[in-house]
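*Asks:* Pasting a structure here, questions to come.
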Amino acid sequence: MRDAFVAELTRLAEADPSVMLITGDLGFGVLAEFSKRFPRQYLNAGVAEQNMTGVAAGMALTGHRVFTYSIANFPTLRCLEQIRNDICYHHLPVTVVSIGGGFAYGPLGFSHHACEDVAVMGALPGMRVLSPNDPIETTACTRIAGTAPGPTYLRLGRNGEKKLHSALFDITSGTMIEMHSPESMEVAIIAGCGALDIAMASQELLKNAGISAGVWSSPWIEPFDQETTLRLARSVQLVVTVEEHSFFGGLGTRVAQACATAEGIVAQVIIVGVPREPMHKIGDQQFMRDQAGLTPEVVANRTLLALEHKAARR
Amino acid sequence: MNDLTPVVTKLDPKDLALRIRKHAVRMTSLGRSSHVGSVLSCADILATLYARLMRVRPHEPLWPDRDRFIMSKGHAGAGLYATLAELGFFPIERLDTHCQNGSTLCGHVATHGIPGVDFSTGSLGHGLPVGAGIAYALKIRAATSRTFVLLSDGELDEGSNWEAFLFASHHQLSNICVIVDYNKIQSLAPVSETLGLEPLMDKFRAFGWEARECDGHDHKALERALAPASDRAPVVVLANTIKGCGVSFMQHSVLWHYRTPQGDEFMAAMAELEGTPNA
């Protein structure tokens, strides 16, 4: 995702000289080429995220379109009030980019686990929240961040994620992407925050168990695709959300909130996400996902169990 | 034609400062709001900036070549609103709505719908990083505009300022000018008893800034101190001020950081200001 982001940012910087990349002293080996090619559009603000974010606001007030760049929680939580007051309140075209959303930096420990970022950024007024699920979605999301008005939070993984789409496409504002939509669908799985691979593997497991499940990818967290959510929730037994993010305040919360305030909902909502408690045993991304119960097996088992309960109640 | 003539030199800073003070007492009384002491402290700084130094156009608030001003000590917003109204950015009558229900003139500085305000503040430690970003953007496009940022002394407790002090000197932002309203009183107690700042001039110099010190109530001294940088370093002016300056019973007082002038106190404050020789 990181390389896809930098490649698209390079295209944006070439087309628009007002595009500016400010890093909080991170991006070793990733940003060097950009900095050489666009020296006037690149700035290393040092390890000082509050100042970096304020500087971004000041530059945006003076006609620039700014990307701030760092990893995990540094560009978001460390300077949260600067994002809220300086960027969001003034509705400035600043994109906050975080590399390593979720457990991408798993072995580095709790400080580097970014599992509340989407909840926090998504609560800020006027903040667009984009959390692509693969490198192709990353390209499309970066393009939106680089051209749309107002602030954006762009939550990325790290690198080496598999491409889950076959071709590059433009994503429409606030809409989910249909990955798999079988006939007589019983379950709809909506994936966000980098968990589309889990959702797709869950769908395979369910298929083997005789359950017909569809899969949607939701790189948009804000604005959120209520329309598709409600259409699905009115036609299937279960809507299952999967996200590499706290189960609180991210994709699942939005799906549940949409369903709770609409009429004619038949589906039950199951939210699969990261528990709120810090995890002290560390390991790579897969290890952390396993610990958090964020696996295709868990998604499939919880789905089957919920379907059984539903059938028993009938 | 690029007309860089300052629009505001016709105003006398002494006259403007007195008007700011009277507005501040009236506004905080009408709106039953706090921070009148903070406004009185920086009234002469605002008056000198807007009457003598800032290149602005009240009829064209977003003029791209204007000088920028950020009131980082946003709690003294009444002072900035009064200054802008006196300059003609918006009608003076609007000041009466300050801190009232339905008004956009809130207790801390806001930009929305208020011509002439470059940036909204209210939480301390935000103005200088943003000012540094503006100055950086202006510098890389070789613009001649200056960016002025007014900080309070208590605000210097915020670490974000010191990140920005490092940033501005590293990038040689000689187009930024920071003014510290050094009245030596912060929210609950004197600065020296809270988090001591001294030796402050040494700190600024150690951070690579051209540090100047002056009497923050002497308009001529302020004008000299606020002159453009002599070299490539950014400029910081330590303006020695008196909190509550201009109203005897508000001077040097923590109480008037919070208290709103009502009844006899309002009358006494206004009478004292009216009696101030206007020359």
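Every number here is computed from the coordinates shown, using simple stated rules; none is lab data. Only a predicted model underlies this, so the values are computations on that prediction, with no experimental measurement involved. With ideal geometry, Cβ positions are generated from the backbone for all residues, glycine too; neighbour counts draw on all protein chains shown.
*Asks:* Please report, in cubic angstrom per residue, the volume enclosed by the convex hull of the alpha-carbon atoms of the protein assembly as shown. Please list the in-between numbers first.
*Replies:* Details: hull volume 104.6 nm³, N = 593.
For the protein assembly as shown, the hull spanned by Cα atoms encloses 176 Å³ per residue.
*Asks:* How fast does chain B diffuse by Stokes-Einstein, in µm²/s, taking the Kirkwood radius from C-alpha pairs at 37 °C and 0.692 mPa s?
*Replies:* In µm²/s, the coefficient is 177.
*Asks:* Moving on. Compute the distance from the alpha-carbon center of the stretch A:300-314 to that of the stretch A:199-215, in whole Å.
*Replies:* About 14 Å separates the Cα centre of the stretch A:300-314 from the one of the stretch A:199-215.
*Asks:* Tell me the chymotrypsin sites (Phe, Trp or Tyr not before Pro) within the stretch A:185-265 that lie in a loop according to DSSP and have at most 11 other beta-carbon atoms within 10 Å. Numbers along the way, then the final one.
*Replies:* On the way: sites: A:Trp216, A:Trp220, A:Phe224, A:Phe247, A:Phe248; in loops: A:Phe224, A:Phe247, A:Phe248.
When the chymotrypsin sites (Phe, Trp or Tyr not before Pro) of the stretch A:185-265 are filtered for loop state and at most 11 Cβ neighbours within 10 Å, nothing remains.
*Asks:* Give me P(r) over the stretch A:177-313, computed from all C-alpha to C-alpha distances, binned every 5 Å, as integer percentages.
*Replies:* Reading the bins upward from 0: 2, 11, 22, 24, 21, 12, 6, 2, 0.
*Asks:* Separate question: Could you work out Rg/(2.2 N^0.38 Å) for chain A, with Rg from alpha carbons only? Intermediate results must be reported in sequence, preceding the final value.
*Replies:* Details: Rg = 19.4 Å, N = 314, 2.2 N^0.38 = 19.6 Å.
Against the compact-globule rule of thumb, the ratio is 0.99.
*Asks:* What are the semi-axes of the equivalent ellipsoid of the stretch A:2-156, taken as the square roots of 5 times the eigenvalues of the Cα gyration tensor, listed largest first and rounded to whole Å? Walk me through the numbers on the way to the answer.
*Replies:* Working: eigenvalues 80, 65, 46 Å².
Semi-axes, largest first: 20, 18, 15 Å.
*Asks:* While we're looking at this one, here's another question. State the Cα centre-to-centre distance between the stretch B:64-111 and the stretch A:73-128 in whole Å.
*Replies:* 31 Å
*Asks:* Taking a ≥ b ≥ c as the square roots of the eigenvalues of the Cα gyration tensor of the stretch B:182-269, is the shape rounded (a/c under 1.5), prolate (a/b larger than b/c) or oblate?
*Replies:* Oblate is the answer for the stretch B:182-269, as a/c is 1.5 or above yet b/c matches or exceeds a/b.
*Asks:* Right, something else. With each label point set 7 Å from Cα along the Cα-Cβ vector, what nm distance links A:Ser173 and B:Thr144?
*Replies:* Reported label-point gap for A:Ser173 and B:Thr144 is 4.1 nm.
*Asks:* Antiparallel versus total DSSP beta bridges in chain A: what percent is that, nearest 5?
*Replies:* 15 percent
*Asks:* Continuing with this model, one more query. What value, in deg cm²/dmol to 500, does the helix sum -39500 (n - 2.57) over DSSP H runs of n ≥ 4 give at 222 nm once divided by the residues of chain B?
*Replies:* -10500 deg cm²/dmol
*Asks:* While we're here: With r defined as the distance between the Cβ atoms of A:Asp290 and B:Lys220 and R0 fixed at 56 Å, what FRET efficiency is calculated, to the nearest 0.05?
*Replies:* Working from the Cβ atoms, E equals 0.20.
*Asks:* For the pair B:Thr97 and B:Glu198, what calculated FRET efficiency results from E = 1/(1 + (r/R0)^6), where r is the Cβ-Cβ distance and R0 = 35 Å, to the nearest 0.05?
*Replies:* 0.30
*Asks:* Let me ask you something else. Quick one: of A:Lys36/B:Lys73; A:Lys162/A:Lys281; A:Lys163/A:Lys207; B:Lys73/B:Lys220; A:Lys207/A:Lys310, which pairs are farther than 28 Å apart, Cα to Cα?
*Replies:* As for pairs spanning more than 28 Å Cα to Cα, those are A:Lys36/B:Lys73.
*Asks:* Among all helices in chain B defined by DSSP H, which have a length of 24 Å or more along the axis from Cα atoms plus a Kyte-Doolittle mean of at least -1.0?
*Replies:* Numbers: long enough: B:13-30 (25 Å, -0.31).
Flagged H segments are B:13-30.
*Asks:* Next question, about the same structure. Once the Cα gyration tensor of the stretch B:78-126 is found, what semi-axes does its equivalent ellipsoid get, as square roots of 5 times the eigenvalues, in whole Å, sorted largest first?
*Replies:* Taking √(5λ) for each Cα gyration eigenvalue gives 17, 13, 9 Å.
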